[in-house]
1. Considering only residues that are within 22 Å of LEU497 (Cβ to Cβ) and outside any helix (DSSP H, G or I), which ones fall in the stretch 513-556?
2. What number of residues in the stretch 343-392 are in contact with a Gly (Cβ under 7 Å, 6 or more places away or on another chain), part of a helix (DSSP H, G or I), open to solvent by less than 50 Å² (accessible area, probe 1.4 Å) and more than 16 Å from VAL264 (Cα to Cα)?
3. When you go through ALA163, ALA173 one by one, which is the residue that is over 18 Å from ARG130 (Cα atoms) and of a type in the set (Gly, Ala, Ser)?
4. Within the group LEU326, LEU273, LEU278, which residue is open to solvent by less than 30 Å² (accessible area, probe 1.4 Å), in a loop (DSSP other than H, G, I, E, B) and either in contact (Cβ under 8 Å) with a residue 60 or more places away in the chain or within 13 Å of ALA251 (Cβ to Cβ) (or both)?
5. Assess whether ALA307 counts as being in a helix (DSSP H, G or I) and either over 26 Å from ASN210 (Cβ atoms) or of a type outside the set (D, E, K, R) (or both).
6. What are the residue pairs meeting all of these: first residue in the stretch 241-269, first residue closer than 10 Å to PHE300 by Cβ, second residue aromatic (Phe, Trp, Tyr), Cβ atoms under 6 Å, and 6 or more apart or on different chains?
7. Which one of the conditions (1) among the charged types (D, E, K, R); (2) open to solvent by 50 Å² or more (accessible area, probe 1.4 Å); (3) at pLDDT 80 or above does ASP521 fail to meet, given that it meets all the rest?
Amino acid sequence: MSIPPSFLQELLARTDVVEVIGRHVALRKSGANYLGLCPFHQEKTPSFTVSPSKQFYHCFGCGAHGNAIDFLMAHTGATFREAVHDLAAQLGLTVPQDERSPQERAREAALRRAQQSLTELMAQAARAYRAQLKASPRAIDYLKSRGLTGEIAKTYGLGYAPAQWRFLSTVFADYSDARLVECGLVIEGDGEQGRRHDRFRDRIMFPIRNVKGDVIGFGGRVLDGGEPKYLNSPETPLFHKGEELYGLYEARSAIRQAGCALVVEGYMDVVALAQLGLGHAVATLGTACTPQHVRKLLRFTDDVVFAFDGDAAGRRAAQRALSAALPWASDTRRFRFLFLPPEHDPDSFIRAHGAQAMTAALAEATPLSRFVLEVAAQGCDLATAEGRARATAQARPLWQALPEGALKRQLLHELADLAGLDVRELQQLWDDAQPTARGSGPAGRSSLPPGAGRAATAAWTPAPTAPRATAPGAQASPLPPSGPRTAQAQRAARGWLNRNDRIARLVLTTPQAWEWLTADDHALLAQQPPPHGPLFAWLEAQWLEHGAQPWAVLREGLRGQPFEALALALYDSAWALARPAEDAPELSELRHELRELLRRLRIEHLKAQETEWLARSQHDPTALQHYRRVQAERLALQEKGETV
């Protein structure tokens with residue numbers, strides 16, 4: 001459940017931002033404010049100021065700013081809820097349990113206790129593995145042969161699991177404890193005797209920590225040539241490998257100092273890079289890079305480099321990372337891809353050529369925009385019309401996965417050059433393909449190119465309830481019969497969809513979606529600039545008078561309306577991203593998507609209000625009070641996003 005905005009206001013009012021930040025940054029008095037070196041970028045002359053009167057910080061060097069909660073989230077990597085609980089504990093306040101029954105509170109308390117007990121078991125095992133490493137000359141010699149020192153092994157908490165089937169029985173008093181299986185340390189035997197045994201044996205142990213520093217899992221590497229080379233903890237209540245990154249806890253400060261994060265594939269890559277001065281590396285945990293991985297990294301930096309082997313497997317991994325990064329590639333973020341020689345991984349490359357060569361290679365990494373062009377052209381002979389046509393089809397889902405902005409528009413021009421087409425011709429080509437994306441091909445299959453990747457089309461929309469009626473033999477036209485498109489309608493038909501476009505498209509193609517909105521949602525949507533605001537107001541009036549209506553009915557009512565062209569273009573654009581019937585989403589998925597879009601829309605609305613109140617604070621003594629109220633509401637909405 002969310003934290004009430006009223007409590008956030010009280011918490012921020014009682015918090016001394018100077019005291020909170022002073023625990024992490026050396027501050028000195030400078031007039032009415034405090035001054036220090038910014039913890040978010042490297043600087044020699046202090047430009048980081050903290051205002052006790054306004055209760056927020058601002059760096060004139062990198063632009064970082066916010067309140068005490070924002071600082072804890074940015075500096076420590078804490079989630080919104082963790083930062084709030086931390087501040088509340090310091091002030092002796094109890095975070096209210098909003099709208100939860102006693103039974104729900106009891107269940108959550110029991111879950112927290114259970115997770116805490118598992119965390120304690122993992123910490124105990126990590127200590128035992130570290131002690132075994134010190135007592136194992138063979139394991140120490142192996143690490144030395146890989147160029148690692150005792151200092152770096154200590155930093156990353158490396159250990160050793162002895163070659164014993166039941167070593168942990170000497171660590172834990174009750175080896176039959178079910179929690180040892182639950183946290184992945186022990187495996188239940190499946191033989192006749194059913195004897196349990198340790199999961200990790202005769203392996204170098206790499207503890208996996210969350211951003212708070214708690215051990216939540218392990219990765220074990222064989223010392224010799226056994227298989228599997230790496231063995232990871234299974235999915236547990238503590239550990240979800242699709243969300244966690246090895247080395248992120250240790251790399252937090254280095255990521256901020258370097259200004260970027262380096263994503264590699266192996267534990268040894270991370271440790272070897274850190275050994276030679278590149279401590280800003282993290283690794284995925286035996287799985288492809290996911291959007292959750294990218295989202296977690298973006299809490300620490302807006303610049304991410306993916307480093308992969310130069311072989312075919314590395315290229316495939318890079319394409320999966322591209323699919324994960326595309327939805328996050330806004331105009332203020334940078335994603336790059338480094339491909340090492342086929343005979344090297346990051347560990348072997350830096351040991352063979354040194355840190356300077358690795359740094360130089362990182363500086364030459366391929367930008368996301370160029371990699372999109374390479375993936376689009378993969379397997380295509382661009383010297384032929386057929387090859388260019390295939391490249392155009394492969395590029396379309398990649399381009400559509402990008403968020404709206406300058407990057408997406410500039411990339412459209414480069415894709416048009418790749419295809420040998422004018423930008424308008426490429427847009428028209430993709431526009432014309434939209435009505436036939438579903439249902440017109442063999443067996444109703446999607447027209448998206450084979451191998452384009454379902455993950456690249458993350459922002460899909462459900463298929464319309466019913467197609468627009470046309471005369472026999474005629475092609476469905478996205479243009480309204482009443483006249484030419486508006487600029488917004490042209491943009492929508494070409495796939496340049498902003499948040500209002502996506503909300504409107506969803507409610508137009510899902511009749512019951514309007515019933516999922518609250519009165520506040522209706523008011524917010526009606527306040528949007530034309531033509532979206534009038535369209536939302538009209539849809540609300542239709543819903544209030546007639547209830548949920550299918551598209552055929554709405555289409556008739558739209559005739560002659562000033563927003564008719566926009567509505568038709570948005571409805572037609574739904575065909576381009578429609579999925580086959582067997583892959584159609586559940587209503588719960590659509591409802592979640594709509595709620596998330598509205599949450600982000602309201603956050604932007606509240607940010608605009610914050611800016612307005614700050615501007616008025618120079619001459620209005622009550623403006624700061626309004627600013628904090630709006631800010632608390634905005635933070636509460638952002639916290640909901642943390643728990644999705």
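The values are calculated or read from the model by the stated rules, or taken from the named source; none is laboratory data. Just so we're clear, the structure is a prediction, and the values are computed from it rather than from any experiment. Ideal geometry is used to build each Cβ from the backbone, glycine not excepted, and the neighbour counts take in all protein chains shown. With ligands, DNA and RNA removed, areas are computed over all heavy atoms of the protein, side chains included. Shrake-Rupley method; radii C 1.70, N 1.55, O 1.52, S 1.80 Å.
1. LEU517, GLN527, GLN528, PRO529, PRO530, PRO531
2. Counting residues in the stretch 343-392 that are in contact with a Gly (Cβ under 7 Å, 6 or more places away or on another chain), part of a helix (DSSP H, G or I), open to solvent by less than 50 Å² (accessible area, probe 1.4 Å) and more than 16 Å from VAL264 (Cα to Cα) gives 0.
3. Of ALA163, ALA173, the one residue that is over 18 Å from ARG130 (Cα atoms) and of a type in the set (Gly, Ala, Ser) is ALA173.
4. Testing whether each residue is open to solvent by less than 30 Å² (accessible area, probe 1.4 Å), in a loop (DSSP other than H, G, I, E, B) and either in contact (Cβ under 8 Å) with a residue 60 or more places away in the chain or within 13 Å of ALA251 (Cβ to Cβ) (or both) leaves just LEU278.
5. Here the answer is no, as ALA307 does not meet what is asked.
6. ILE255/PHE300; ARG256/PHE40
7. Looking at each condition in turn, ASP521 falls short on (2).
So that you can scan it fast, the table gives a plain yes or no per residue for (1) under 29 Å from ASN498 (Cβ atoms); (2) modelled with pLDDT under 90:
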site: GLU374; (1), (2): yes, no
site: GLN428; (1), (2): yes, yes
site: GLN434; (1), (2): yes, yes
site: GLY441; (1), (2): no, yes
